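Here the structure is laid out as structure tokens; the discussion comes afterwards.
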Amino acid sequence: MNEASDILTRWPDAFVTRLALVQAVPATNSLQRDFGNVYRVLYRSLKEGKFQFLRDIFESYVNAQWTGMLSGRNKRLSEQTRRSHPRTTIRQAARLADATPAQLKRLRPRLQAYEIAFPSGRRLYTLASNHLDQVKGVNLTQAADRLHLPQRRIRGLIAAGVIQPDISPVSTSASAWFISEERLRHLFFHPTGQKEGGVALHHVLRYGKLSEAEVIDLTKALLAQELNAVNQPCDDSIPLGLVELSREDLRRWRLRQRASKSSSVSVDEAATVLGIKQQVAYQLVHQGLLSSYQVPNRAEVRVRSVDLQDFQRTYVSLAELARSRKTSPKALLGKLPCEPVTGPTVDGTRQYFYRIADLMAAEITEE
């Protein structure tokens, strides 16, 4: 009586705690076995209607915590509880999700599947039905169609880890690939606006003479938003293969990639990587801000990749600062807290450049 009084005094938390303590672990598929005397008291000893509030909390707990499967045999429970029970068998879930039982078995961790062993040795898997939306997905052929890319490109992206399939024939005995809708959605993009001279990615991959490594790097750059989709703005997202890139942005990206992998580039190529005019690049070389060397026995001047990267870490142009702050170079010029190292009013060159360390030091001083 004291325990019963305590349960009612701290209702319903004390009752829920009692249910958790008496619940059998591991669970079976029988409420009577899993909850023992509590079940018999609720549905036999206290079966009158005035004790329905006890059964309501019990049935709410069953739907929230019990991993077994309710069926028509659980006639003592209310019809509403049986209808709203969130767990289902793999066979039933396969029909609901238009999938195969084998496919669902491989997705068990994601579907919060629970295995119930019967005394006969038979095993039953129950799934959380509210996780069945994660079963929606595509195989390799469907992924290629949805993304507007050849299957070999999809395989390459999978091998590089850009696409992570939920089921892989390479690592399991599955007969087909499976990529969930959730993972597929990461390969759709929202355009930032039309730019002149856009070219679709599938066209670049077919005719652009990119190496396999460059294809992977280009896709990663898109996913990291280092390159933007320039399709006309629309409500729908754009699949990877139909993403349009600015031809100028693409050319600059390719030169940057190749510069990072080669020992040196020409001054013209360095200008493209830095996003500046060729004349400005030659002025930077002449001033010694951009280190260079002359090829022996030739008139050609080249810039080492390490020197190009060092310049990018050391200097920033006024135009780039203005773009990042969404203003004009002219408006920003008088607001910066330090003097440029080169520019029209400094030494007559075409473009202003600032030392990044000077800008950071000046900002810290102002604070």
Residues of the range 273-300 being of a type outside the set (F, W, Y), free of Cβ contacts under 8 Å to residues at least 24 places away in the same chain, open to solvent by 20 Å² or more (accessible area, probe 1.4 Å) and closer than 23 Å to R355 by Cα, in sequence order, are Q278, V285, H286, G288, S291
Does R83 satisfy the criteria of being at pLDDT 85 or above, under 25 Å from K136 (Cβ atoms), among the basic types (K, R) and open to solvent by 30 Å² or more (accessible area, probe 1.4 Å)? yes
Would you check which residues across the range 301-317 are open to solvent by less than 30 Å² (accessible area, probe 1.4 Å) and either within 17 Å of Q257 (Cα to Cα) or among the acidic types (D, E) (or both) and list them? V303, S305, L308, F311
Among (1) at pLDDT below 85; (2) within 37 Å of the chain's Cα centre (by Cα); (3) exposed (fewer than 11 other Cβ atoms within 10 Å of the Cβ), which single condition is N2 missing? (2)
Where in the range 265-367 are the helices (runs of 4 or more DSSP H), entirely inside, with at least 3 residues that are touching a helix residue (DSSP H, G or I) at 6+ places or on another chain (Cβ under 7 Å)? 267-274, 278-287, 305-314, 318-324, 329-333
Can you pull out the helices (runs of 4 or more DSSP H) entirely within the range 36-146 that have at least 2 residues that are free of Cβ contacts under 8 Å to residues at least 12 places away in the same chain and over 30 Å from L184 (Cβ atoms)? 52-65, 79-84
Within the bounds of the range 241-264, is there any residue that is farther than 30 Å from Y352 by Cβ, assigned to a helix (DSSP H, G or I) and open to solvent by less than 80 Å² (accessible area, probe 1.4 Å)? yes
Say we look at the range 325-336 and pick out the residues that are surrounded by fewer than 13 Cβ atoms within 10 Å (Cβ to Cβ) and within 18 Å of A362 (Cα to Cα); which of these is modelled with the lowest pLDDT? G334
Scanning the range 230-280 for residues that are of a type in the set (K, R) and closer than 20 Å to F311 by Cα, the one modelled with the lowest pLDDT turns out to be K261
Which condition number in (1) open to solvent by less than 60 Å² (accessible area, probe 1.4 Å); (2) within 30 Å of T172 (Cα to Cα) is the one that R95 fails? (1)
Being aromatic (F, W, Y) and free of Cβ contacts under 8 Å to residues at least 24 places away in the same chain: is that true of Y315 here? no
Identify, please: which residue in the range 337-367 is among the charged types (D, E, K, R), under 17 Å from L289 (Cα atoms) and within 39 Å of the chain's Cα centre (by Cα) and is, among those, modelled with the lowest pLDDT? D358
Can you go through L140, L124 and tell me which one is of a type outside the set (V, I, T), surrounded by 13 or more Cβ atoms within 10 Å (Cβ to Cβ) and either under 30 Å from S30 (Cβ atoms) or touching a His at 6+ places or on another chain (Cβ under 8 Å) (or both)? L124
First in the range 12-27 and closer than 15 Å to W66 by Cβ, second anywhere and in a helix (DSSP H, G or I) and open to solvent by 80 Å² or more (accessible area, probe 1.4 Å), Cβ under 7 Å, 6 or more apart: A24/R33
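The values are calculated or read from the model by the stated rules, or taken from the named source; none is laboratory data. Note that the coordinates shown come from a computational prediction; the quantities given were computed from them, not determined experimentally. Ideal geometry is used to build each Cβ from the backbone, glycine not excepted, and the neighbour counts take in all protein chains shown. Just so you know, the surface numbers come from the protein's heavy atoms only, side chains and all, with ligands and any DNA or RNA stripped out. Shrake-Rupley method; radii C 1.70, N 1.55, O 1.52, S 1.80 Å.
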